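Report on one structure; see the data block that follows.
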Amino acid sequence: MPMTAPQDYFRRLGEFPHRELFGGLAHVWEAIARLEAFTQKLVEEPGLPEGAEDDLKGLRVEEGLIASEGLFLARRRFRVARAGVRIEPGVRIEPGVVIKGPSVLCAEAELRHGAYLRGSCLIGPRAIVGHATEVKNSLFLNHAEAGHFAYVGDSLLGAGANLGAGAKLANLQLRTEEEKSGESRPRNIRVRAEDQTLDTGLRKFGAVVGDDAEIGCNAVTSPGTLLGPGCWVTPNANVPKGIYPPAHLIRSQASRVEVTPRPR
């Protein structure tokens, strides 16, 4: 059977408080199309209190976004309806962070200086979005980390997954002139699974990074990359799209090092 189901990548999904995102899905990437509506529903959950002035110390609220002007630590669960953001206890936000709604920050998530959440972001418990890291329409499960200078677009990160400094999960394939000008419809990203090619239905699709997978510094994954649990990607690797089985080491020629005498 091809590895396309959520449980093939997220074996600890039962630990995630909002696992219903994956309910009834045949293919794991279908969760990406659900994220915006799902995060909006969590923000609008009945009975969720609105943040009071004391709750928002260190944050500047504007229409559709929050900007952090000081160190912020959440003491309780609340929402900021004007920004479309839900914040849970223990969330830590350092100065210089910008969060666009709808977005949800689960308990004890950490957003470090200069992080940029562009909307439709669901950041799980104890997950880390690091310095100068940009996240767009993506999910971090429990304790997933993108600690430094990363780009995470239209992607799903499993529990304990880690992106090294400068890692990029590219989400848009190369386009023709006709696609860029609007003369032709952009193509969906397709993924090869065993003896069949599957249309994901997504024009933008970054990566699925399984539980405990590690992506080395400055590695780049192509749109439509699915890394099984426990995979390792070496630093500086360029990873072609496709499905990679669990617990494999992925290298590319870009990561080779040759040492020879230099010309004099």
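The values are calculated or read from the model by the stated rules, or taken from the named source; none is laboratory data. Since the structure is predicted, the reported quantities are computational estimates derived from the model, not experimental observations. Glycine also receives a Cβ, built like all others from the backbone with ideal geometry; neighbour counts cover every protein chain displayed. When the accessible area is computed, the model is the full protein with side chains, heavy atoms only, and any ligands, DNA or RNA have been set aside. Shrake-Rupley method; radii C 1.70, N 1.55, O 1.52, S 1.80 Å.
Of note:
- Just so you know, in region 120-135 the residues that are of a type outside the set (A, V, I, L, M) and surrounded by fewer than 20 Cβ atoms within 10 Å (Cβ to Cβ) include one that is farthest from R34 (Cα to Cα), and it is H131.
- Looking across region 107-119 at every residue that is among the hydrophobic types (A, V, I, L, M, F, W, C) and assigned to a loop (DSSP other than H, G, I, E, B), the one that is most open to solvent (accessible area, probe 1.4 Å) is identified as A107.
- For region 159-171, a tally of residues being of a type outside the set (A, V, I, L, M) and in a strand (DSSP E or B) returns 2.
- A search for C-beta distances below 6 Å between a residue of region 108-120 that is on the phi > 0 side of the Ramachandran plot and any residue that is part of a loop (DSSP other than H, G, I, E, B) and small (G, A, S), counting only pairs 6+ apart in sequence or on different chains, returns E108/G90; G114/G96; G114/A132.
- Residue satisfying all of: in region 136-158; assigned to a strand (DSSP E or B) and open to solvent by 10 Å² or more (accessible area, probe 1.4 Å); nearest to K204 (Cα to Cα) among these: K136
- Qualifying residues in region 198-243 (those that are hydrophobic (A, V, I, L, M, F, W, C), within 16 Å of H27 (Cα to Cα) and part of a strand (DSSP E or B)) - the one most open to solvent (accessible area, probe 1.4 Å): I243
- Exactly one residue out of P235, P186, P229 is closer than 26 Å to L117 by Cα, touching a residue at least 60 places away in the same chain (Cβ under 8 Å) and more than 18 Å from the chain's Cα centre (by Cα), and it is P235.
- Matching residues, region 120-130, being under 12 Å from the mean Cα position of the chain (by Cα) and not in a strand (DSSP E or B): S120, G124, A127
Yes/no matrix, rows are residues, columns are (1) small (G, A, S); (2) modelled with pLDDT of 95 or more; (3) assigned to a helix (DSSP H, G or I); (4) exposed (fewer than 14 other Cβ atoms within 10 Å of the Cβ):
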{"residue": "P2", "(1), (2), (3), (4)": "no, no, no, no"}
{"residue": "E20", "(1), (2), (3), (4)": "no, yes, yes, yes"}
{"residue": "V28", "(1), (2), (3), (4)": "no, yes, no, no"}
{"residue": "A31", "(1), (2), (3), (4)": "yes, yes, yes, no"}
{"residue": "L35", "(1), (2), (3), (4)": "no, yes, yes, no"}
{"residue": "E45", "(1), (2), (3), (4)": "no, yes, no, yes"}
{"residue": "D55", "(1), (2), (3), (4)": "no, yes, yes, no"}
{"residue": "V61", "(1), (2), (3), (4)": "no, yes, no, no"}
{"residue": "P89", "(1), (2), (3), (4)": "no, yes, no, yes"}
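- Whether a residue is out of contact with any Pro (no Cβ under 7 Å at 6 or more places or on another chain), basic (K, R), open to solvent by 10 Å² or more (accessible area, probe 1.4 Å) and under 16 Å from L122 (Cβ atoms) was assessed, and K41 passes this test.
- With respect to the conditions (1) surrounded by fewer than 19 Cβ atoms within 10 Å (Cβ to Cβ); (2) modelled with pLDDT of 95 or more, K180 lacks only one, and its number is (2).
- A search for C-beta distances below 8 Å between a residue of region 52-72 that is of a type in the set (S, T, Y) and any residue that is open to solvent by 70 Å² or more (accessible area, probe 1.4 Å) and at pLDDT 95 or above, counting only pairs 6+ apart in sequence or on different chains, returns S68/R60.
- Criterion applied to Q40, Q7 was being more than 17 Å from N142 (Cβ to Cβ) and assigned to a helix (DSSP H, G or I), and the one residue passing it is Q40.
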